[in-house]
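*Asks:* Submitted below is the structure of interest, expressed as structure tokens.
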Amino acid sequence: MEEINEAELQSESLERLLHLVEMVNNILKDEELLKAISKLVVSEETFLVVDRLPQIIKLIEQLTRQENLEKIELILNLLQSLDKQMLEKLGNAFKAMKIEEKAKPMSISKIIVTLSEPEVSKGLNVVLNLLKALGS
Amino acid sequence: MSTAAKKVVDARGLSCPGPITNLTKAYRDAKNGDVLEIWATDPGFKSDIKAWIERTKNELVDLREEKDKIVAIVKITAKK
Amino acid sequence: MAEKKKFLIVGGGAGGAILANSLIKDFNVTIVNDTPNHYYWPQLLQIAFRNDYSNLYRPLSSLLAKGVNLIVDKVKKVDLQERTVTLSNNKLMNYDYIAIAPGVTIEHKGIEGNDKLVEQYGDFHSTPQNASKVFNVVTNMKKGTFLIAVGDPYHRCPPSPYEGILLADEVFRLRGVRNDINMVLAVPYPRAYPAETFNEVLEPILKERGINVMTFFTADKIDIENKKITSLEGEELSYDAAIVIPVHKGPKIEIKPEDAINQDGFINADKFTNQILKYDDAFAIGDASTSANAKTGVTAHLQAKVVSKRVLGFDARNTGRTNCPTELGFEEGTFVISDYNHPAAKVPANAINFIMKRLFADAYWDIIRHPEFWDPIFDVYFENTQPEVLWKLFR
């Protein structure tokens, strides 16, 4: 039986490691590769994210605060317990409340008129009840 | 009396670069009057051989589908 | 303990070196290569269009596992019946098993005028010197017709003519002279790319980049004086600078018996087992062999693995799998992925593919040196990128 020389095994492993390092070095010296990766990583979209990063981090931090997580869970549970009819009414209420697409600021008179529309006031009622149920 | 050479180009089972390249190879050594019979299994061969005939202006004597292969018989007439 | 059988490998390229490193545990391996160096041939494209010589070659001795005997010499003759190999000094070697993997011989004289043409403009299928000539052309040309014509449809690396024209296009664009140059790609096929499915990916890209494709054009005669190339199919193309992909022939080695090689000098090997004729102790792999249509490094690699398993008693077989990275310029790429039973999948062009090509190129030396490390990685890769899987993804 051949004797396995431990020193030989060790030097082989070391050599293998060296070869891997050589390969990684080869990769890091590859200008074309690095150019392609940086092009991929930094695009218009990713640049927007990078630009807004502080706000995004703040939002994530807010959402993950314990009290907010609990509220979100409550809402989800409520929605699950609501029957279909109620959900439909809720959906319609939100639809009725939908303000113009163009987000033009409404004049005070327009707001008052909108509020007095039957569908809108029905919807507002539902929302108020919902909020009462949430007890926030 | 000399008979024109008849050669069989067996391109069955090939799909890339395709039977036409086998034909091109045989075409290189062929002379006007020679007859080449090409066997292929690639279904695209039928339209490719017709296109080749149109471009090279050689003569397509026969193009038929047999049970296990497509057979094209080409008479070389257009070589310069 | 029984003495290990002698395995002789002719040629230390991708096929030969990987085979040697895969057999070392079970055989007494000797490899014969005509030069001390192992070349990564895809680098010719990088030299031709980017003047990048890094990764071109390394000493073969640095790529072989400990215990592989390396002989730097030319093989003159192989006698499959006598099981002998004759070296340049007429020294005779015998073997228990042989794998012949010496690659192709580029024959510029195969097309009239090609040897003069390559002196003028170079090419990217022969030598680094010829590739550097191409770089000269693309960095100096200001106007006229730039033509790449395929002279031999069985050339190394199926995507290379397309890579060439698209990388040339990139250089001309970066230099700001693209609008004054008419770019033409002439191919022997009925369509731009011979495989119809992959053509659906490539043809639109060529069109978008303004490349004029001339089909059914097999370069046959080059008129150097008048700068014209005539095709076998009877047509003519003019050029101001032209590169012809030259005739490829088998290795310049005398092989007995004579029916072991075909009329072009390639070795007749079984398409599934790589076995040469009836000799179950003799194999031919890589570019020198007829056992695959695609002359690529990946083919040689996979064939080496099949041979290394077969000689140990396993019924491993070639699947005909191709995995040709195709560079398209501007940090984009695709792959030609097919096998004996499936046509090329319509792999879309994107940056990830380009990145993968470069990662592979950078890892190449390690891949040659340590098949025991890379085998399982490639097994997973090839399993998950089988053409049938890709066909479902990219309809």
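The values are calculated or read from the model by the stated rules, or taken from the named source; none is laboratory data. None of these values were measured; they are calculated from a predicted model. Reconstructed Cβ throughout: ideal geometry from the backbone, glycine too, with neighbour counts over all protein chains shown.
*Asks:* Can you tell me which residue in the stretch C:344-394 is nearest to C:ALA14 (Cα to Cα), limited to those that are surrounded by fewer than 20 Cβ atoms within 10 Å (Cβ to Cβ) and acidic (Asp, Glu)?
*Replies:* Step by step, filter the stretch C:344-394, then rank; the result is C:ASP366.
*Asks:* Could you count how many residues in the stretch C:218-257 are more than 22 Å from C:ASN130 (Cβ to Cβ) and within 14 Å of chain B (Cβ to nearest Cβ)?
*Replies:* 7
*Asks:* May I pose another question? Would you mind stating whether A:GLU12 is over 34 Å from the mean Cα position of the chain (by Cα) and surrounded by 11 or more Cβ atoms within 10 Å (Cβ to Cβ)?
*Replies:* Yes; evaluated as a whole, the condition is true for this residue.
*Asks:* Which pairs turn up if I take residues in the stretch C:360-380 that are within 11 Å of chain A (Cβ to nearest Cβ) and look for partners that are of a type in the set (Gly, Ala, Ser) with beta carbon separation below 7 Å, at least 6 apart in sequence or on another chain?
*Replies:* Cβ pairs passing all conditions: C:ILE368/C:ALA14; C:ILE368/C:ALA17.
*Asks:* Run down C:LEU117, C:LEU56, C:LEU63, C:LEU147 and say which single residue is touching a strand residue (DSSP E or B) at 6+ places or on another chain (Cβ under 7 Å), under 29 Å from C:GLU327 (Cα atoms), within 14 Å of chain A (Cβ to nearest Cβ) and crowded, with 19+ Cβ neighbours inside 10 Å.
*Replies:* Result: C:LEU63 is the single residue among C:LEU117, C:LEU56, C:LEU63, C:LEU147 that is touching a strand residue (DSSP E or B) at 6+ places or on another chain (Cβ under 7 Å), under 29 Å from C:GLU327 (Cα atoms), within 14 Å of chain A (Cβ to nearest Cβ) and crowded, with 19+ Cβ neighbours inside 10 Å.
*Asks:* Next up: I'd like to check something: does the stretch C:281-298 contain any residue that is within 14 Å of chain A (Cβ to nearest Cβ), under 29 Å from A:LEU33 (Cβ atoms) and touching a residue at least 12 places away in the same chain (Cβ under 8 Å)?
*Replies:* no
*Asks:* Would you call B:LYS6 more than 14 Å from every other protein chain (Cβ to nearest Cβ) and at negative phi?
*Replies:* Against the criterion (more than 14 Å from every other protein chain (Cβ to nearest Cβ) and at negative phi), B:LYS6 qualifies.
*Asks:* Then there's this: For the stretch B:21-42, what are the residues that are surrounded by fewer than 15 Cβ atoms within 10 Å (Cβ to Cβ) and at the interface with another protein chain (Cβ under 10 Å from one of its Cβ atoms)?
*Replies:* B:ARG28, B:ASP29
*Asks:* Over 21 Å from the mean Cα position of the chain (by Cα), assigned to a helix (DSSP H, G or I) and within 9 Å of another protein chain (Cβ to nearest Cβ): is that true of C:PHE354 in this structure?
*Replies:* no
*Asks:* Which ones in the stretch C:11-31 are surrounded by 24 or more Cβ atoms within 10 Å (Cβ to Cβ) and either at pLDDT below 95 or assigned to a strand (DSSP E or B) (or both)?
*Replies:* Hits for the stretch C:11-31 are C:VAL29, C:ILE31.
*Asks:* Taking the stated definitions as given, is B:LYS50 more than 9 Å from chain C (Cβ to nearest Cβ) and exposed (fewer than 11 other Cβ atoms within 10 Å of the Cβ)?
*Replies:* Answer is no for this residue.
*Asks:* If a residue counts only when it is modelled with pLDDT of 80 or more, within 13 Å of chain C (Cβ to nearest Cβ) and touching a helix residue (DSSP H, G or I) at 6+ places or on another chain (Cβ under 9 Å), which helices (runs of 4 or more DSSP H) contained entirely in the stretch A:1-82 have at least 1 such residues?
*Replies:* A:6-28, A:31-41
*Asks:* Determine the pairs where a residue that is under 18 Å from B:ASN22 (Cβ atoms) and within 14 Å of chain C (Cβ to nearest Cβ), located within the stretch B:59-80, has a partner that is acidic (Asp, Glu) and assigned to a loop (DSSP other than H, G, I, E, B) with Cβ atoms under 7 Å apart, the partner being 6 or more residues away or on another chain.
*Replies:* B:ILE76/B:ASP34
*Asks:* For the stretch C:139-167, enumerate the residues that are outside any loop (DSSP other than H, G, I, E, B) and under 13 Å from the mean Cα position of the chain (by Cα).
*Replies:* Matches in the stretch C:139-167: C:ARG156, C:SER160, C:PRO161.
*Asks:* Identify, from the list B:ASP42, B:ASP10, the residue that is touching a helix residue (DSSP H, G or I) at 6+ places or on another chain (Cβ under 7 Å), modelled with pLDDT under 90 and not in a helix (DSSP H, G or I).
*Replies:* Answer to the check: B:ASP42.
*Asks:* May I pose another question? Criterion first (part of a helix (DSSP H, G or I), in contact (Cβ under 8 Å) with a residue 12 or more places away in the chain and touching a Pro at 6+ places or on another chain (Cβ under 9 Å)) does B:ILE20 satisfy it?
*Replies:* For B:ILE20, the condition - part of a helix (DSSP H, G or I), in contact (Cβ under 8 Å) with a residue 12 or more places away in the chain and touching a Pro at 6+ places or on another chain (Cβ under 9 Å) - is met.
*Asks:* Mind checking which residues of the stretch C:176-217 are more than 10 Å from chain B (Cβ to nearest Cβ), within 18 Å of C:THR145 (Cα to Cα) and part of a loop (DSSP other than H, G, I, E, B)?
*Replies:* Passing the criteria: C:GLY176, C:VAL177, C:ARG209, C:GLY210, C:ILE211.
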